[in-house]
1. Can you compute the FRET efficiency between Ala21 and Asn45 using 1/(1 + (r/R0)^6), with r the Cβ-Cβ distance and R0 = 30 Å? Round to the nearest 0.05.
2. Just grab the label-to-label distance for Glu13 and Met1, each label 7 Å out from Cα along the Cβ direction, in nm (one decimal).
3. Calculate the spin-label point distance for Ile56 paired with Ala30, positioning each point 7 Å from the Cα along the beta-carbon direction, and give it in nanometres.
4. What angle do you read, to the nearest 10 degrees and between 0 and 90, between the alpha-carbon axis of helix 44-59 and the longest principal axis of the chain?
5. From the convex hull of the Cα coordinates of the chain, what is the mean projected area in square nanometres?
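No value in this document is a laboratory result; all are computed from the given coordinates. This structure is a prediction, so every number in the text was calculated from the model and none was measured. Heads up, the Cβs are rebuilt from the backbone with ideal geometry, glycines too, and the neighbour counts pull from every protein chain shown.
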Amino acid sequence: MDESDPSRKALAEILIAGERAAGLTQHLLAFSRKSVLQPRVLDPNMVVTETGRMLIRLIGEDKRCH
């Protein structure tokens, strides 16, 4: 782009905002990784049952396969 193009300043600001957003995202991801994981034993049957209930609520009763 030419230095005289009126859009140049706006695009430069967009680029700076994008770089700031990327930096903030990196900081948030780094912060979230510091949380302590607490492993727990899962019952696969219960996980499938709960997921099925959630899907029924999301999809709706009338859309279910029979």
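1. My answer for the efficiency is 0.10.
2. For Glu13 paired with Met1, the spin-label model returns 1.1 nm.
3. Distance between label points: 4.6 nm.
4. Once rounded, one gets 60 degrees.
5. If I average the Cα hull's projected area over directions, I get 10.1 nm².
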